Amino acid sequence: MVRVGIVDDHESVRLGLAAACEKAGFDVIATASTASELVAALKGLRCDVIVLDLSLGDGSRVTDNVRITQDTGASVLVHSIADRVALVREALAAGAAGVIPKSSPTTTVMAAVATVARGDVLNNLEWATAIDADRAFSKAQLGRRERDVLHLYASGLPLKMVAMQLGIAHSTAREYLDRIRVKYVEVGRPAPTKVDLLRRAVEDGILPGLDSGSGNGNF
């Protein structure tokens with residue numbers, strides 16, 4: 001059974017999501033109005049998916065909320081209204097597995113919960129389109145070592161092997177990767193997944209196109 005946590009600062013939304021989850025056969029472990037309250041309410045219990053409101057009334061940062069909920073071991077599904085593209089970018093860069101609009105039918109939201117619970121990244125065409133339409137294409141200003149890390153990681157090496165090849169600690173390689181993702185968010189080109197990082201590396205000339213002979217830009 002999928003175990004779900006819910007964070008939203010509107011009680012009616014929490015109750016509605018909890019009822020929909022239970023109807024879908026999911027087990028709602030805890031609900032809360034802030035991310036920190038939910039983590040405390042879980043008391044170490046395992047949770048598969050945390051449905052997280054994008055913008056909470058306590059003034060907390062999106063990045064912090066995604067990361068502290070993700071630190072419980074759960075995948076994070078951001079639940080958001082459709083006009084906050086910059087915050088969506090931030091949530092994806094912080095590691096959210098996907099974003100589902102609050103305007104979506106309940107069945108769509110539950111399907112998204114199930115997708116994320118399987119460990120899959122949620123690909124929403126409408127959100128990808130919104131983000132792409134909102135960005136001005138510009139290269140991220142990556143340092144030499146950041147480019148090295150991106151080149152090796154996007155080429156397919158596990159991060160541990162990237163660190164070994166560059167002679168740096170795994171934690172240092174992770175810090176470089178985090179900084180790379182932040183820089184891409186800053187120029188409006190988020191890269192939350194490894195496939196996204198591959199696309200960015202090709203777009204910015206760090207890696208050659210994988211299908212340059214055909215010229216169709218497929219990956």
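The values are calculated or read from the model by the stated rules, or taken from the named source; none is laboratory data. Every value quoted in this text rests on a predicted model; they were computed, and no experiment measured them. Note: ideal-geometry Cβ built from the backbone for every residue, glycine included; neighbour counts use all protein chains shown. The area values use the complete protein model at the heavy-atom level, side chains included, leaving out ligands, DNA and RNA. Shrake-Rupley method; radii C 1.70, N 1.55, O 1.52, S 1.80 Å.
Numerical summary
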quantity: Of all residues making up segment 84-133, the number that are open to solvent by less than 20 Å² (accessible area, probe 1.4 Å), modelled with pLDDT of 70 or more, under 13 Å from the mean Cα position of the chain (by Cα) and over 17 Å from Glu186 (Cβ atoms); calculated: 6
quantity: Test: residue in segment 57-73 that is closer than 19 Å to Thr106 by Cα and aliphatic (A, V, I, L, M); calculated: no
quantity: Every residue from segment 1-28 that is open to solvent by 30 Å² or more (accessible area, probe 1.4 Å) and either assigned to a helix (DSSP H, G or I) or of a type in the set (Gly, Ala, Ser) (or both); calculated: Glu11, Ser12, Val13, Arg14, Leu15, Gly16, Ala19, Glu22, Lys23, Ala24, Gly25
quantity: Complete set of residues in segment 142-198 that are without any contact (Cβ under 8 Å) to a residue 60 or more places away in the chain and aromatic (Phe, Trp, Tyr); calculated: Tyr153, Tyr176
quantity: Of all residues making up segment 197-214, the number that are at pLDDT 55 or above, part of a loop (DSSP other than H, G, I, E, B) and surrounded by 15 or more Cβ atoms within 10 Å (Cβ to Cβ); calculated: 3
quantity: Check on Arg179, of a type in the set (Lys, Arg), farther than 15 Å from Glu146 by Cα and part of a helix (DSSP H, G or I); calculated: no
quantity: Among the candidates Ile100, Ile81, residue that is more than 25 Å from Lys43 (Cα to Cα) and touching a helix residue (DSSP H, G or I) at 6+ places or on another chain (Cβ under 6 Å); calculated: Ile100
quantity: Segment 29-52: number of residues that are open to solvent by less than 10 Å² (accessible area, probe 1.4 Å) and of a type outside the set (Gly, Ala, Ser); calculated: 7
